[in-house]
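Structure first, commentary second.
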Amino acid sequence: MTHSKETSSTDRRDATDSVTEVTLTYSSNPTDSSELDSSPYAKAKNSDTDIQPSRLSLKDLPENLIVLGDVIGQGGMGIVRAARQMLPLRDVAVKRLHFAKAHLAKNLMDEALTMGGLEHPNIVPVHLVRLTEDNSPEVVMKYVHGRSWNEILNKIPQRDDALEASLEILRSVCNAIEYAHAHNVIHRDIKPHNVMVGEFGEVYLMDWGIAVRLDNIDSVPKGLVGTPGYLAPEMLTGDPNDVHIQTDVFLLGSTLHTILTGKRRNDANSIVGALDAAKKSEPYQYESDVPSELADLTNRACSKEPGDRPNNAKEFRHDLESFISLREAYVIRDSAILKRDALISIIKHYKRSKNDEAEIRTLFAEARFGLEQALRLAPDCAGAQEAFHDTLMAMIYWLLDNQHYDEADHLRGSLGHSDNALIARFSDEFLAGKQRSAESQYLKRMAPDYDPTPSRTGRQILGISIMGVVAIACVAAIIYDTMYPTDISPKRLLISTGSVALVVVLAMFIARQWLFANRIGGRLFSTVVFGFLCAPIFAIAGLKGGFSGEAIMVGDTLLVGLTMANVYPIVRTGRWAALFALANVFAASVFPTWAQSGFMLSTAFSAACVVYDWTKREFKYADIPEAGNNP
């Protein structure tokens with residue numbers, strides 16, 4: 001029977017306790033005491049070795065340890081084949097030279113020694129280095145089942161989930177470069193083509209063929225090496241002494257650029273153009289949908305001057321991880337900033353429509369909520385606090401401009417700090433608001449005095465009375481003139497106008513409780529009494545002064561016009577009646593015989609306007625626009 005155990009110093013001191021640590025095999029018997037006797041613990045007392053020469057022979061090893069397969073890749077120096085290693089049994093990749101040249105053999109050996117000396121999860125392990133039949137080196141490496149990262153990117157700008165996945169891959173590449181730099185190795189050829197992604201998400205940085213060791217830099221030959229589309233400007237000299245860890249930082253930035261744009265950093269149609277772009281290394285203007293943090297990191301990493309780049313791969317990785325950890329906050333922030341920009345735009349072109357106001361309030365709510373959420377997820381989320389402040393300020397000023405003072409004051413409390421310009425604006429608006437409030441209070445206080453509702457019944461009684469007595473007077477005058485065609489005397493005018501005035505005053509007395517309910521009714525009372533009482537008084541004056549009847553009627557017509565002009569806007573149509581009366585005054589002045597007809601027509605038309613206004617037409621507050629200025 002055979003057994004397998006894992007031992008420790010404690011196990012060796014207590015063999016009895018170690019019984020439960022023995023792994024049972026299919027052929028073992030847990031109750032067989034000889035199992036313990038044949039265990040390593042029993043034999044350890046005499047010897048640390050229990051392998052007998054007769055139990056293991058080299059003839060049991062396979063004759064061909066590695067069986068080559070198809071070509072899976074090739075470059076300028078060598079070719080890579082898939083292979084099968086027989087002991088242990090596993091898939092491997094074997095790299096050989098195209099031609100057995102001494103300088104190529106040295107380069108491949110240097111690559112194998114460099115890779116083999118870097119034991120890191122993101123660097124492909126080297127299993128074996130051996131010589132082939134032509135004495136050229138052969139490197140046996142781990143076979144990575146997966147795809148090239150360049151194939152995954154497929155020259156497409158990465159966004160959303162694809163961007164997040166690519167950043168995770170780049171983070172693994174940073175880890176590999178960090179480890180290499182800690183061991184004084186500079187890669188010099190970082191790009192998506194040299195990164196493999198395994199079937200289970202493993203990430204490997206490949207192709208260390210032009211990598212250099214800083215402790216052996218003097219032995220590296222001079223010459224321009226690297227990929228033109230990704231080169232750092234200091235690599236253009238071809239001098240290995242010009243290369244440093246920030247050269248790899250540049251290449252990491254170039255790789256990030258490819259992730260964001262789908263293009264090479266030194267993008268050109270020719271090698272010469274790419275080298276010229278590498279020499280200039282100008283900042284790149286990214287599209288608006290590229291996160292600003294990544295755009296800034298890329299441009300810093302790809303700065304022409306090494307001193308302007310992140311100090312090392314660790315610092316680059318830290319900035320990258322900060323974005324990854326805060327990506328959700330950044331996505332929310334960017335969406336909210338777009339809402340803020342739309343808000344500012346619509347406020348700028350605001351046309352005071354209900355639809356615009358609703359859209360402004362909606363955009364503000366969305367922008368504010370998004371920015372607050374981003375700040376909750378990441379209090380130091382770059383640009384979010386500034387955008388939040390701009391959003392609040394834009395909305396506060398809009399509210400002030402549209403006299404929503406309480407809302408503006410409430411939002412001001414969310415700013416978190418004082419703003420001198422805003423304080424001055426609020427001070428001005430406060431003073432103006434106090435003035436408007438005083439005016440509003442005055443109007444509210446005066447409104448009951450100018451409310452036409454309480455005097456409506458009184459006005460209707462008065463209007464019907466005026467219409468009736470005027471109609472009767474006009475008919476009586478026509479009948480009298482037909483029966484007694486003589487000139488109208490002042491005495492006759494005194495009787496007729498006095499009778500009309502007596503009826504009107506009697507009607508006003510009956511309606512006094514409604515007419516004197518407020519100031520508008522009192523004003524109406526005084527105006528009507530003045531108008532109708534002036535007519536008989538004017539007749540007495542004409543009688544004493546020796547005026548003709550025509551002259552007195554012209555004066556009475558003028559009184560009708562002045563009275564109707566004075567009752568406007570209580571009688572909204574009063575201005576038309578006043579104009580009609582004045583027209584008749586002018587006609588009677590030119591044609592004295594028109595005096596009686598003009599007086600009767602003016603009186604009848606004015607009475608009709610009063611009745612229409614007070615009984616048929618709906619009265620509105622707009623009818624007395626100057627009420628607040630008439631205490």
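The values are calculated or read from the model by the stated rules, or taken from the named source; none is laboratory data. Just so it is clear, the model here is predicted, and its values are computed rather than measured. Positions of Cβ are backbone-derived with ideal geometry, glycine not excepted, and every protein chain shown enters the neighbour counts. Note: accessible area is taken over every heavy atom of the protein model, side chains too, but ligands, DNA and RNA are not part of it. Shrake-Rupley method; radii C 1.70, N 1.55, O 1.52, S 1.80 Å.
Restricting attention to the range 222-234, the residues that are farther than 11 Å from Leu251 by Cα and part of a helix (DSSP H, G or I) total 1. Residues in the range 266-290 that are touching a residue at least 40 places away in the same chain (Cβ under 8 Å), part of a loop (DSSP other than H, G, I, E, B) and closer than 14 Å to Ser303 by Cβ: Ser281 only. Considering the range 549-559, and only residues there that are touching a residue at least 40 places away in the same chain (Cβ under 8 Å) and open to solvent by 20 Å² or more (accessible area, probe 1.4 Å), the residue that is nearest to Val529 (Cα to Cα) turns out to be Val554.
Is it fair to say Gly262 is under 14 Å from Leu170 (Cβ atoms) and either among the charged types (D, E, K, R) or at pLDDT 95 or above (or both)? In short, no.
Collect the residues in the range 167-197 that are open to solvent by less than 10 Å² (accessible area, probe 1.4 Å) and either farther than 28 Å from His103 by Cβ or in a strand (DSSP E or B) (or both), keeping them in residue-number order. Correct list: Leu167, Leu170, Val173, Cys174, Val185, Ile186, Pro192, Val195. Of the strands (runs of 3 or more DSSP E) contained entirely in the range 68-166, those carrying at least 3 residues that are open to solvent by 40 Å² or more (accessible area, probe 1.4 Å) fall at 78-86, 89-97, 126-131. Taken as a whole, the range 327-341 holds no residue that is farther than 19 Å from Phe388 by Cα and among the small types (Gly, Ala, Ser). The residues listed here are Ser270, Ser303, Ser292, Ser288; of these, the one that is farther than 19 Å from Glu321 by Cβ and within 23 Å of the chain's Cα centre (by Cα) is Ser288.
Scanning the range 369-406 for residues that are part of a helix (DSSP H, G or I), out of contact with any Leu (no Cβ under 8 Å at 6 or more places or on another chain) and of a type in the set (A, V, I, L, M, F, W, C) yields Phe369, Leu371, Ala374, Leu375, Trp398, Leu400. Condition check for Lys263 on (1) surrounded by 15 or more Cβ atoms within 10 Å (Cβ to Cβ); (2) farther than 30 Å from Pro221 by Cα; (3) basic (Lys, Arg): one failure, at (1). The residues listed here are Glu168, Glu111, Glu151; of these, the one that is within 28 Å of Met86 (Cα to Cα) and of a type in the set (D, E, K, R) is Glu111. For residues that are over 60 Å from the mean Cα position of the chain (by Cα) and more than 22 Å from Val500 (Cα to Cα), scanning just the range 560-587, find the one that is surrounded by the most Cβ atoms within 10 Å (Cβ to Cβ). If we take residues in the range 560-587 being over 60 Å from the mean Cα position of the chain (by Cα) and more than 22 Å from Val500 (Cα to Cα), then Ala587 is surrounded by the most Cβ atoms within 10 Å (Cβ to Cβ).
Does Ile464 fit the bill of being at pLDDT 70 or above, over 60 Å from the mean Cα position of the chain (by Cα), closer than 19 Å to Tyr568 by Cα and open to solvent by 80 Å² or more (accessible area, probe 1.4 Å)? When the stated conditions are applied, Ile464 passes them. Any idea which of (1) at pLDDT below 70; (2) of a type in the set (A, V, I, L, M); (3) open to solvent by 40 Å² or more (accessible area, probe 1.4 Å); (4) within 30 Å of Leu601 (Cβ to Cβ) is the one Ala447 doesn't satisfy? Failed condition: (4). The residue that is least open to solvent (accessible area, probe 1.4 Å), among those in the range 205-221 that are under 17 Å from Cys174 (Cα atoms) and in a loop (DSSP other than H, G, I, E, B), is Trp208. If you filter the range 234-255 down to residues that are of a type in the set (Gly, Ala, Ser) and touching a Cys at 6+ places or on another chain (Cβ under 9 Å), you find that the one that is farthest from Asn299 (Cα to Cα) is Ser254. Can you find even one residue in the range 599-614 that is over 17 Å from Ile488 (Cβ atoms), out of contact with any Cys (no Cβ under 6 Å at 6 or more places or on another chain), of a type in the set (D, E, K, R) and open to solvent by less than 40 Å² (accessible area, probe 1.4 Å)? Yes: the range 599-614 contains one or more residues that are over 17 Å from Ile488 (Cβ atoms), out of contact with any Cys (no Cβ under 6 Å at 6 or more places or on another chain), of a type in the set (D, E, K, R) and open to solvent by less than 40 Å² (accessible area, probe 1.4 Å). List every residue pair whose Cβ atoms sit under 6 Å apart, with the two residues 6 or more apart in sequence or on different chains, where the first one lies in the range 339-368 and is assigned to a loop (DSSP other than H, G, I, E, B) and the second, anywhere, is open to solvent by 70 Å² or more (accessible area, probe 1.4 Å) and modelled with pLDDT of 90 or more. Matching pairs, first to second residue: none at all. I'd like to verify a number: residues in the range 238-265 that are in contact (Cβ under 8 Å) with a residue 12 or more places away in the chain and more than 35 Å from the chain's Cα centre (by Cα), how many? Total meeting the criteria: 10. The single condition among (1) of a type in the set (S, T, N, Q); (2) modelled with pLDDT of 75 or more; (3) under 18 Å from Ala501 (Cα atoms) that Ser526 does not satisfy is (2).
The residues on offer are His349, His318, and the sole one that is modelled with pLDDT under 90 and open to solvent by 40 Å² or more (accessible area, probe 1.4 Å) is His349.
Here Leu399 passes the criteria (1) more than 17 Å from the chain's Cα centre (by Cα); (2) within 27 Å of Ala165 (Cα to Cα); (3) modelled with pLDDT of 85 or more except the one numbered (2).
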